Ligand code: SF4
């Protein structure tokens, strides 16, 4: 890709510095009602979420619907304003004096959504859609359209065939390829993929996943990969973060989490994952029931109403995300769990009836 749009792509802190660091991110959505339209309740969508994404890695975020993974993505892009918390992009705090502006951050951090059709303007051709952002950032008309055609080719669509087509003339998989090309048009460093393959047929999904892996290598990208599909997250991710009802309950390297999930929620979630591998079959009880209402979540550990191991302490205080006491600790790639009871203690006591 040409470097004509003047982007700041400096690698300020070197490879060791996280590209994205999120601290205590919180968002409660107000519910209004009554004659005066006052706030009568709040939906605790994201509550005190902290994590980092290293340069060049893919961090997968998993959890049931409503766990806050998509809201987290929207908060990062500032499509929704956070109530509290900070977002630091390559060492610069987003939206603070002396830091990086929201506009500049959005040039370096792009997002691909699940719905490929509503993501595109139905009145714009594919080339116009891809060229739009570079044009807005000052790239000359010809250069912007040359870049659009080059990107169409990079995502596997022949520009001569597809550049002048409209969204309704393409299949879902082709439209999602265009959305990926559009996300790359400003030469971002981090791409958030929010259920980007969830609406595709399995064969098309595999092609798009392989395309994403290729593009990551080619353009030295970092991904935040959000999905409810545990198999897809395992295929794509280097590290995984598991969310439940707006909070992070477990995070660590993908192999550790998939081979040895430690949090009772992660274990139950993975028990519902179909597998043909006899070594990976589980005797864990799968999750039952719906998550509690985020308007009035349980006190202490939010998973306690569905957890077979809950004790009195679980209702009293929220468990912090920490290294398990009964495991090895890898400082470079820590496996962290938010649970009051060590795994060995849970195994000894067994689940409550
Ligand atoms: Fe279960 Fe308590 Fe651990 Fe929460 S803190 S997962 S309720 S044992």
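Here, each number is a calculation from the coordinates, and none is a lab measurement. As the structure is a prediction and not an experimental result, all values here were calculated from the model. So basically every Cβ, Gly included, is an ideal-geometry build from the backbone, and we count neighbours across all protein chains shown.
Quick check: Cα centre of the stretch 217-296 to Cα centre of the stretch 196-213, how many Å?
Using only Cα atoms to place each centre, the spacing works out to 19 Å.
On a 0 to 90° scale, report how tilted helix 141-154 is relative to the longest principal axis of the chain, with both axes built from alpha carbons and the result rounded to the nearest 10.
Tilt of helix 141-154: around 50 degrees.
Can you give the three extents of the C-alpha atoms in the stretch 263-347 along their principal axes, from longest to shortest, in whole Å?
39, 34, 23
Pairing the Cα long axis of helix 202-219 with the longest principal axis of the chain, what angle in degrees results, from 0 to 90 and rounded to the nearest 10?
The answer is roughly 70 degrees.
Could you state the angle between the C-alpha long axis of helix 126-136 and the longest principal axis of the C-alpha atoms of the chain, as a value from 0 to 90 degrees rounded to the nearest 10?
On a 0 to 90 degree scale, this one is about 90.
Take every Cα-Cα distance within the chain, group them into 10 Å bins from 0 onward, and report for each bin the whole-number percent of pairs it holds.
Over the chain, the share of Cα pairs per 10 Å bin runs 5, 23, 31, 24, 13, 4, 0 percent.
With a bin width of 5 angstrom, please list the P(r) values of the stretch 140-233 as percents of all Cα-Cα pairs, from the 0 bin to the one holding the largest distance.
3, 12, 25, 25, 20, 11, 4, 1, 0
What relative contact order, as a whole-number percentage, does the chain give when Cα pairs under 8 Å and 6 or more residues apart are counted?
That works out to 18 percent.
Order these peptides, 247-258, 285-296, by their mean beta-carbon neighbour count within 10 angstrom, highest first.
Values: 247-258: 22.2, 285-296: 13.3.
Going by the mean number of other Cβ atoms within 10 Å, highest first, we get 247-258, 285-296.
What is the antiparallel percent of DSSP beta bridges lying wholly in the chain, to the nearest 5? Mind dumping the intermediate values first?
On the way: 27 of 45 bridges.
Taking every DSSP beta bridge within the chain, about 60 percent pair in antiparallel fashion.
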